[in-house]
Structure formats: structure tokens, C-alpha cells
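Where a number appears in this text, it was derived from the coordinates with a stated rule and is not lab data. Keep in mind that this is a model prediction, so the values were computed, not measured. A quick note on method: Cβ atoms are made from the backbone with ideal geometry, for glycine too, and the neighbour counts reach across all protein chains shown.
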């Protein structure tokens, strides 16, 4: 007899289990069930996820399937297939980022150049491990067309959570001109000093313009 998820004990429902135990303690089929959300007649979402994994031969093969291949699986449909494909693409991009070593201003720019054309100022950090590999990209402040206000607590909180050894600051100039302002230089020096107190080195500050950037390390500020 098949049970709908809401008929199962809370400890057996994927969403409740994730909230109680953490995502890392869910099986592949339970994680997929959260994305799939609903099953089909006679099958709940976990049952459908198990069949999906069996059909494609595991999570790795499933992640490589096209939207057409996924949507052709009975009970999935195009909307669910698109959701799964998007989730797998996010996972792939995170993996790529975490395998990226940042050793030059140019490499830092490549990691954040998608912020260059934002209409408002975005201030963020790249967090790095002790070997210089990228851990994550965090936006810590979003301002108007002028300057995004930042303070050390906002900047270094995600770095502390990431157990980062170093950070690279970045922000865009909506005007498209990457020339650092006096405020940019003052903020950089203030944050570098705060980082020293925390044991987190500020390696650089990348100021983004339209298809261009300025490294404050290269300008002798950091």
C-alpha cells in the first residue's frame, strides 16, 4: 500500500527530516522528492524519486540527463524536469567555483565580473581557504546608485562562517567608471585593519566598471 507523504510520520517526510536532521542526512531519493514535490497516482514523491534514480542509474547519470529525457519519464513532466535541471546546474557551478584558485586580480575579476553592469552598487567578498581556493561569493550590501554602505560586521560575518583564511573585496560602480573614489580607499583600509584583528587577510579590493576593473592592491592601497 502506497502512502501520500502527508500521511507518513513527520520523521519520514523529507522536508521535516531535512529541518530536523539537516540536508546531509537525507538520501538521494529524499532530496529529489523535495524538488519533485508531488508524486503520481499510487506513488508519493519519494517513490517517484526512487524509480527515477533506478531508471537513470543513480544521481550522477540523472544529473547529466537532458530536460527532454527527464520530462519523458512517466510522472515527471516538463515543469519538474526543468526544476531538476536547474538544481543540478547550480550544484555544478558551485563545484566549479570551489575548484577555482584565485591568485591574481584578473582571476578575482573573472569570478565577479557578472556584477559589473548592476544598476545599483553591490559590495561583496570572495572567501578563500588557506591554499587560495575560492570557497564562496557573498554579496554583503546593496546600495542605491551611489555607494553601498558597509561595515566590518557585515563584511566578515560570512567569512567567519566559511572559516576563510582570506577575502577579496569587490564592488561595482554603476557609472561604469572603475576609478576608485576616496571613500573606496578609506573603506578598504578600514576593512583591512578589521581583518587583521580577526586573523582574516584582505588580499585585494576589485572595483568593477563596464568591461574593466581596478585592483586596489595594484594601486598600493592593500
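Could you tell me how many degrees, from 0 to 90 and to the nearest 10, lie between the Cα long axis of helix 77-98 and the main elongation axis, the longest principal axis, of the Cα atoms of the chain? Once rounded, one gets 40 degrees.
Could you sort 35-41, 166-172 so that the peptide with the highest average Cβ count within 10 Å comes first and the rest follow in order? Working shown, then result.
Details: 35-41: 15.1, 166-172: 25.9.
The most tightly packed comes first, giving 166-172, 35-41.
Go ahead and run the numbers for FRET between residue 151 and residue 114, Cβ-Cβ distance against an R0 of 35 Å, rounding to 0.05. After rounding, the FRET efficiency stands at 0.90. In terms of the Cα gyration tensor, with a ≥ b ≥ c the square roots of its eigenvalues, is the stretch 150-222 rounded because a/c is under 1.5, prolate because a/b exceeds b/c, or oblate? Prolate. Simple spin-label estimate for residue 194 and residue 92 gives 3.7 nm between the two label positions (7 Å along the Cα-to-Cβ direction from each Cα).
Angle, helix 182-198 long axis vs. longest principal axis of the chain, Cα atoms, 0 to 90°, nearest 10? That works out to roughly 70 degrees.
Relative contact order, whole percent, for the chain stands at 13, derived from Cα pairs under 8 Å and 6 or more residues apart. Over the chain, the hull volume per residue, using the convex hull of the C-alpha atoms, is 155 Å³. Put simply, when 208-216, 14-22 are sorted by average Cβ atoms within 10 angstrom per residue, most first, you get 208-216, 14-22. Using the average count of surrounding beta-carbon atoms within 10 Å as a protection proxy, the listed peptides 51-59, 198-206 rank, highest first, as 198-206, 51-59. Bridge orientation summary for the chain: considering DSSP beta bridges with both residues in this region, about 75 percent are antiparallel.
Restricting to the stretch 105-215, compute how many DSSP beta bridges are antiparallel as a %, nearest 5.
About 70 percent, rounded to the nearest 5.
Each helix, a run of at least 4 DSSP H residues, gives -39500 (n - 2.57); summed and divided by the residues of the chain, these come to -13000 deg cm²/dmol at 222 nm. Taking Cα atoms only, the orientation of helix 152-161 departs from the longest principal axis of the chain by about 40 degrees. Classification of the stretch 53-95 by its C-alpha gyration tensor yields an oblate form. The axis ratio a/c (a ≥ b ≥ c) is 1.5 or more, and b/c is at least a/b. Just to be sure I understand: if I project the alpha-carbon convex hull of the stretch 5-98 onto a plane and average over all orientations, what area do I get in nm²? Taking the Cα atoms of the stretch 5-98, their convex hull projects to 6.2 nm² on average. Overall form of the stretch 105-215: prolate. Here a/c, set by the Cα gyration tensor axes a ≥ b ≥ c, is 1.5 or more, and a/b is the larger of a/b and b/c.
Label-to-label distance for residue 130 and residue 23 is 2.7 nm, based on points extended 7 Å past Cα in the beta-carbon direction. Annotation: extensible slack from residue 179 through residue 210 equals 10.0 nm (criterion: 0.36 nm per residue apart, minus Cα-Cα distance).
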